[in-house]
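The numbers here are math on the coordinates, done by the rules we state, and not lab data. Small disclaimer: the values here were computed from a predicted structure and weren't measured. Glycine gets a Cβ as well: all are built from the backbone with ideal geometry, and neighbour counts include every protein chain shown.
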Amino acid sequence: MAVVVAFLSQKGGVGKSTLARSLGVVAARLGLKVLLADLDPQQRTLMRWLKTRADLKLETPLKVQAFDTPAAALDEGEGADLIILDLPGQISNVATSVARNADLVVQPTSPSVDDLHPAVLVFQALERVGMGRDKLAFALCRVLGEKEADATRDYLTRHGYGVLRGGINERLGYRDALNLGRTLVECKQANLNNAAQVPLLDILERALSRRLSDSKSEAKPQPAAAVKT
Ligand SMILES: Nc1ncnc2c1ncn2[C@@H]1O[C@H](COP(=O)(O)OP(=O)(O)OP(=O)(O)O)[C@@H](O)[C@H]1O
Ligand SMILES: [Mg+2]
């Protein structure tokens with residue numbers, strides 16, 4: 001069964017689609033069979049990204065597909081190792097139920113207080129519908145400096161939530177790469193690629209270890225009476 005990572009947020013423009021496609025490329029490079037699902041019918045950011053790459057003759061080592069419903073994406077991705085769900089910037093009942101079926105829900109947030117406050121409310125809402133905090137993680141995005149990143153990390157951990165290692169700084173180098181159909185790990189500058197890998201690899205580690213611990217707790221020990229000697 002595929003591991004499922006969902007990107008969601010109430011706020012728009014925080015970096016969901018940017019992280020989703022970058023995670024897809026990192027996972028594919030590691031040899032995973034990836035389905036990257038565009039669930040945003042208004043924007044279809046990932047489908048446009050795919051077309052830009054095709055136009056520029058850039059190889060895309062993963063399957064990228066548009067879906068109207070998360071259920072359709074999960075069906076399609078049955079044979080994949082990893083399904084990445086890129087949700088629209090709003091929290092609906094659909095988003096909530098998707099989140100509950102995901103191994104990890106990543107909410108990118110910018111460091112501004114106007115973004116952090118609603119971001120915490122989103123995770124609190126997911127907790128109220130039964131999601132454990134260990135399945136929720138914030139990604140620091142659009143960060144302008146280390147001091148700002150530290151303050152944001154403090155704010156989110158004070159509220160009891162996990163924050164991915166590292167963060168994605170707001171950089172012209174990233175924007176140039178994104179404008180040319182590339183991802184955060186395909187920039188001209190090696191230091192930007194290396195920095196972006198840190199939170200992306202953390203997502204994979206968390207999602208895979210969640211799945212391992214879930215399958216261990218689901219594995220029922222054989223009742224002694226049923227064991228033939
Ligand atoms: N680290 C960065 N540095 C510079 N620009 C960035 C960075 N991350 C994202 N962007 C740009 O910010 C914009 C918003 O990013 P993105 O589309 O990933 O957000 P989103 O959360 O998916 O938005 P929406 O809610 O509208 O779907 C894009 O134009 C993207 O190219
Ligand atoms: Mg988006």
Pairs to check: Lys11/Lys188; Lys33/Lys135; Lys16/Lys57; Lys51/Lys147. Give those whose C-alpha atoms are more than 32 Å from each other in this structure. Lys51/Lys147
Mind pulling the angle between the C-alpha long axis of helix 113-128 and the longest principal axis of the chain? Nearest 10 degrees, somewhere in 0 to 90. 10 degrees
Percent breakdown of C-alpha pair distances by 10 Å bin, ordered from the shortest bin, for the chain: 8, 34, 37, 15, 4, 2, 0
In the chain, taking the dipole from +1 charges on Lys and Arg beta carbons and -1 charges on Asp and Glu beta carbons about the Cα centre, the listed residue (Leu46, Gly12, Ala28) farthest towards the positive end is Ala28
Check the straight Cα-Cα distances from Lys63 and name the aspartates and glutamates below 16 Å, setting aside those fewer than 8 residues away within the same chain. Asp38, Asp75, Glu76, Glu78, Asp81, Asp86
Rounded to the nearest 10 degrees, the helix 16-29 long axis (Cα) sits at an angle to the longest Cα principal axis of the chain of 70 degrees
Extension length gain for Ala190 and Arg29 (0.36 nm per residue less Cα distance), in nm, is 56.3 nm
Of the trypsin sites (Lys or Arg not before Pro) in segment 54-109, which ones lie in a loop per DSSP and count no more than 11 other C-beta atoms within 10 Å? Lys57
